[in-house]
Amino acid sequence: MTDETAREFSTVGVIGLGTMGAGIAEVFARNGYTVIGVELNDGAVERGHQHLEHSTGRAVKREKMTAEQQAELLGRITLTTDMKALAVADLVVEAVVESLEVKKSIFRLLDGIVRDDAVLATNTSSLSVTEISTANSKPGRVIGVHFFNPAPVQNLVEIIRTVVTEPSVLEDVQGVLRGLGKNPVVCGDKAGFIANTLLFGYLNHAVSMYEGKYASREDIDAAMRFGCGYPMGPLALLDLIGLDTAYEILDTMYKQGRDRLHAPAPILKQYVTAGLLGRKSGRGFYTYE
Ligand code: CAA
């Protein structure tokens, strides 16, 4: 259901086409938006393209979408390395790595490119939206929109409003997200927002339990799936999230003064250093084909 007072958006830019960015681009294209996906170089554009093909191809295989619908959907997405292509976007969603400096440099760059009335959103999972917004000359037009992985499937999107986010920007974003069939919740700008604050202490605890050889990875995961009805166990979920992303989230939350539950379990850092990043690298707590 779309909010009747919300402004009409038709073109959405997505910066960064990793797991989250590609998923976000797919969500908008599925809902009829024209999408401009921007990546750093041709290799990253190609990976983004493969991600989109793979994800929509899965829907075709499951007969949730025809091959024609897939082609139409992909046809609504243009991938480029040229940030200037975002000049026509109503909404830009930044979904690059969890680095404050990288995100700030993007919001700085957007200044000279986007329309005055464009809404600028960051998909950060734990960094300060306020601090990211200060890199842009219109911080009131900056907001957090935090999608969950896999973005095409998970209905939750956290909207993070800063103390200077314009009320109309919040209303517009709520309207757009509801129109996508998402369930937006609104919160303030504190590391972890709502869901990760509650989730990551639990995930980190599961890693410590595994690291301490208290139980096998399969048994830890089975306990939460079959005992508590979670769709995935914590270690399989960490592999889905990406161990590098999970480490960064925990580290940021810990540094912002939360309790010891958020001090990243040492083995998590070791896995990341060794390049075991979860599903995206083929190996994390589990191994993937
Ligand atoms: N991309 C697109 N679609 C996907 C997908 C992906 N990566 N993975 C699964 N799907 C789709 C499937 O195509 C299928 O769609 P249909 O029902 O339309 O056929 C549906 O999801 C169910 O998939 P499966 O039957 O293959 O598997 P499943 O029933 O076990 O579900 C799951 C898989 C959706 C990932 C489910 O296990 C789940 O919800 N897990 C928990 C995920 C979760 O907690 N995410 C939040 C992580 S925290 C986060 O993201 C925040 C952060 O900042 C890190």
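Observations on the model:
- A search for C-beta distances below 6 Å between a residue of segment 78-89 that is under 14 Å from Ser10 (Cβ atoms) and any residue that is at pLDDT 95 or above and among the polar types (S, T, N, Q), counting only pairs 6+ apart in sequence or on different chains, returns Val88/Thr11; Ala89/Thr11.
- Residue tally, condition under 22 Å from Lys84 (Cα atoms) and part of a loop (DSSP other than H, G, I, E, B), over segment 33-72: 4
- Of all residues in segment 38-66, those that are more than 16 Å from the ligand (Cβ to nearest atom) and either in contact with a helix residue (DSSP H, G or I) (Cβ under 6 Å, 6 or more places away or on another chain) or at pLDDT below 95 (or both) total 3.
- Among residues of segment 233-248 that are touching a residue at least 60 places away in the same chain (Cβ under 8 Å), those with a Cβ under 7 angstrom from a residue that is within 8 Å of the ligand (Cβ to nearest atom) and in a helix (DSSP H, G or I), sequence gap 6+ or separate chain, pair up as Gly242/Thr19.
- Scanning segment 183-207 for residues that are touching an Asp or Glu at 6+ places or on another chain (Cβ under 9 Å) and not in a loop (DSSP other than H, G, I, E, B) returns Pro184, Val185, Val186, Cys187, Ala195, Asn196, Gly201, Ala206.
- The set of residues in segment 249-270 that are within 16 Å of Asp239 (Cα to Cα) and buried (at least 18 other Cβ atoms within 10 Å of the Cβ) comprises Ile249, Leu250, Pro264, Ala265, Leu268.
- All helices (runs of 4 or more DSSP H) inside segment 208-255 with 2 or more residues being in contact with a His (Cβ under 6 Å, 6 or more places away or on another chain) and within 16 Å of the ligand (Cβ to nearest atom): 243-255
- Any hit, segment 104-116, residues being without any contact (Cβ under 8 Å) to a residue 60 or more places away in the chain, of a type in the set (S, T, N, Q), out of contact with any strand residue (DSSP E or B) (no Cβ under 6 Å at 6 or more places or on another chain) and over 18 Å from Val164 (Cβ atoms): yes
Residues are listed down the side, and each one gets a yes or a no for (1) over 18 Å from the mean Cα position of the chain (by Cα); (2) closer than 19 Å to Gln256 by Cα:
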{"site": "Phe107", "(1), (2)": "no, no"}
{"site": "Gly112", "(1), (2)": "yes, no"}
{"site": "Ile132", "(1), (2)": "no, yes"}
{"site": "Val153", "(1), (2)": "no, no"}
{"site": "Leu156", "(1), (2)": "no, no"}
{"site": "Val163", "(1), (2)": "yes, yes"}
{"site": "Gln174", "(1), (2)": "no, no"}
{"site": "Ala191", "(1), (2)": "no, yes"}
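One line per residue, one yes/no per condition, for (1) surrounded by fewer than 15 Cβ atoms within 10 Å (Cβ to Cβ); (2) not polar (S, T, N, Q):
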{"position": "Val35", "(1), (2)": "no, yes"}
{"position": "Gly43", "(1), (2)": "yes, yes"}
{"position": "His51", "(1), (2)": "no, yes"}
{"position": "Thr66", "(1), (2)": "yes, no"}
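The values are calculated or read from the model by the stated rules, or taken from the named source; none is laboratory data. Model, not experiment: these values are computed from the prediction. Neighbour counts run over all protein chains shown; Cβ positions are idealised from the backbone, glycine included.
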